[in-house]
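Trainee: Just dropping this structure here.
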Amino acid sequence: VRRIVERLGSEIAEQRFAPDDRHTIVKEIHYLLAQGYDMIVVTGGMSVDPDDRTPAAIKEAGAEVVSYGTPMLPGSMLLVGYIDGVPIMGLPGCVMHDPYTSFDVLLPRVLAGDIITKEDIVQMGYGGLYNC
């Protein structure tokens, strides 16, 4: 994640670790919001398993979820939302090892100040296959 962010001229201001506990994840998101960061990125627990706590924690933290899922592989389980105007993204594991994912598609737009909409996510499904 750091490599992707820095490649676009941005930096990771702080990295925090939390166990797979919904309440702890919510607390950490609120901490990061209080620091005034421009964006929050959360990794871990983003699959379709009902036991995955990260998507529920992001929503419980106050996010207006634009989309939990994209029509793009790899990266179909990416979450995009906003908490009081601050973008928050829940990243699937593929972001750590695949060379190009939905995160690579959306991050430049978020860093440029674009507000990602549901229509933007839907349009990602138009076209062909990439590296399948």
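The values are calculated or read from the model by the stated rules, or taken from the named source; none is laboratory data. None of the values given here were measured: they were computed from a predicted structure. Neighbour counts run over all protein chains shown; Cβ positions are idealised from the backbone, glycine included. The protein model used for the area step is the full one, side chains on, heavy atoms only, and it has no ligands, DNA or RNA in it. Shrake-Rupley method; radii C 1.70, N 1.55, O 1.52, S 1.80 Å.
Trainee: Binning every alpha carbon pair distance of the range 75-131 at 5 Å from zero, what are the percents per bin?
Mentor: It works out to 4, 17, 29, 27, 17, 5, 1, 0, in whole percents.
Trainee: Follow-up. Counting only Cα, what are the radius of gyration and maximum Cα-Cα distance Dmax of the range 1-77, in Å?
Mentor: 13.1, 36
Trainee: Suppose the chain between A56 and K27 were pulled fully straight at 0.36 nm per residue; how much longer would it get relative to their current alpha carbon spacing?
Mentor: Working: separation 29, 0.36 × 29 = 10.44 nm, distance 1.28 nm.
In short, 9.2 nm is gained.
Trainee: If you don't mind, another one. Charges at C-beta only: +1 for Lys and Arg, -1 for Asp and Glu. How large is the resulting dipole of the range 1-117 about its Cα centre, in Debye rounded to 20?
Mentor: With Lys and Arg at +1 and Asp and Glu at -1, about 120 debye.
Trainee: Further, regarding this structure: How far is helix 22-34 tilted off the main Cα axis of the chain, in degrees rounded to 10, range 0 to 90?
Mentor: With rounding to tens, the tilt is 90 degrees.
Trainee: Tell me, what is the FRET efficiency for A34 and Q123 to the nearest 0.05, using R0 = 41 angstrom and their Cβ-Cβ distance as r?
Mentor: 0.75
Trainee: Regarding the chain, what is the average projected area of its C-alpha convex hull, in nm²?
Mentor: Numbers: hull surface 31.0 nm².
If you wrap the Cα atoms of the chain in a convex hull and average its projections, you get 7.8 nm².
Trainee: Angle, helix 102-111 long axis vs. longest principal axis of the chain, Cα atoms, 0 to 90°, nearest 10?
Mentor: The angle comes out at about 60 degrees.
Trainee: If you look at just the Cα atoms of the range 37-90, how large are its Rg and its Dmax in Å?
Mentor: Gyration radius and largest Cα-Cα distance of the range 37-90: 10.6, 30 Å.
Trainee: At 1.4 Å probe size, with every protein chain present, just tell me what the per residue accessible area of the range 34-132 comes to in Å². Kindly include the intermediate steps, with their values, before the conclusion.
Mentor: On the way: 5250 Å² over 99 residues.
Value returned for the range 34-132: 53 Å² of accessible area per residue.
Trainee: Using a Förster distance of 41 Å, how high is the FRET efficiency between E64 and E6, based on the Cβ-Cβ distance and rounded to 0.05? Present the calculation step by step, with values, prior to reporting the outcome.
Mentor: Details: r = 28 Å, r/R0 = 0.68.
Using R0 = 41 Å, I get an efficiency of 0.90.
Trainee: Using a Gaussian network model of the chain whose springs link C-alpha atoms within less than 10 Å, name the residue from I83, I12, I40 with the highest mean-square fluctuation.
Mentor: I12
Trainee: Can you give the longest stretch of the chain with no exposed loop site, where a site means chymotrypsin sites (Phe, Trp or Tyr not before Pro) in a DSSP loop (not H, G, I, E or B) with at most 10 other C-beta atoms within 10 Å?
Mentor: Details: sites that count: F17, Y126.
That would be 18-125.
Trainee: Now a separate question. Give the separation of the Cα centroids, the range 86-115 to the range 1-80, in Å.
Mentor: Computed from Cα coordinates, the inter-centre distance equals 10 Å.
Trainee: Next question, about the same structure. Give me, ordered by chain and number, the residues 5 or more places off S67 or on other chains with an amide H under 5 Å from its own placed amide H.
Mentor: Counting only residues 5 or more places away or on other chains, the set is V80.
Trainee: Now for a different question. How charged is the neighbourhood of R22? Take every other residue with its Cβ under 13 Å from the Cβ of R22, and add Lys/Arg as +1 and Asp/Glu as -1. Display every interim value, and only then the final one.
Mentor: Numbers: positive: K27, R53, K59; negative: D20, D21, E28, D51, D52, E60.
Every neighbour counted, the sum reads -3.
Trainee: Go ahead and set up a Gaussian network model of the chain, Cα springs under 10 Å, then flag whichever of A56, A112, A18 fluctuates most.
Mentor: A112
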